Amino acid sequence: MSDMTTVEAKAFVPARDFALSKQFYQDLGFVLAWSSDDLAYLRHGNSTFLLQNFYDKTHADNFMMHLLVQDVDAWWRHVQAQGLIAKYGLKAEPPADRPWGMQQLRGYFLGGSRDRMR
């Protein structure tokens, strides 16, 4: 019998301004593990994604990323303490209880992508 265990699925996140987006995710708390002119590998704990030097408005406007965290309030405090909303011109909502039983922070970040933390 073959082993069909998955190891990971990694999103390729679009970036309108690649350098600015890399800095944003680092300011948010991600570690830039590797980068080239076209791609950046970012991680925070066991969560990783690839930021790409690629932007298509339709794709970016429909792209979403969901990050499950232990303490969404701690992430919100970090966003506020670092002044990330003003620094990067973000739209973000404080954590709130959602009808599906999770507390969620919603943000509309660089390049139009919608990121959610629960």
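Measuring from label point to label point, each 7 Å out along Cα→Cβ, what is the Asp73 to His59 span in nm?
The answer from the label model is 3.9 nm.
Over region 12-117, what relative contact order in percent results from Cα pairs under 8 Å that are six or more residues apart?
28 percent
Would you kindly state how much longer the chain becomes between Thr6 and Ser36 on full extension, computed as 0.36 nm times their sequence separation minus their alpha carbon distance, in nm to one decimal?
Contour length minus the Cα-Cα distance gives 8.1 nm.
If you put +1 on each Lys and Arg Cβ and -1 on each Asp and Glu Cβ, how big is the dipole of region 2-62 around its Cα centre, in Debye rounded to 20?
Dipole magnitude for region 2-62 comes out near 100 debye.
Using the alpha carbon gyration tensor of the chain, what are the three equivalent-ellipsoid semi-axes (square root of 5 times each eigenvalue), largest first, in whole Å?
Square roots of five times the eigenvalues give 22, 20, 14 Å.
Would you mind classifying region 16-75 by shape? Square roots of the alpha carbon gyration tensor eigenvalues, ordered a ≥ b ≥ c; an a/c under 1.5 is rounded, otherwise it is prolate if a/b is larger than b/c and oblate if not.
Cα axes put region 16-75 in the oblate bin.
Note down the nm distance, to one decimal, between modelled labels 7 Å out along Cα→Cβ at Ser47 and at Ala19.
Each label point lies 7 Å from its Cα, and together they span 2.8 nm.
Every read-out reported here was derived from the displayed coordinates using simple, explicitly stated rules and does not represent laboratory data. All figures in this text were calculated on a predicted structure; none of them were measured in a lab. Because the Cβ atoms are built from the backbone with ideal geometry, glycine has one as well, and the counts that use them run over all protein chains shown.
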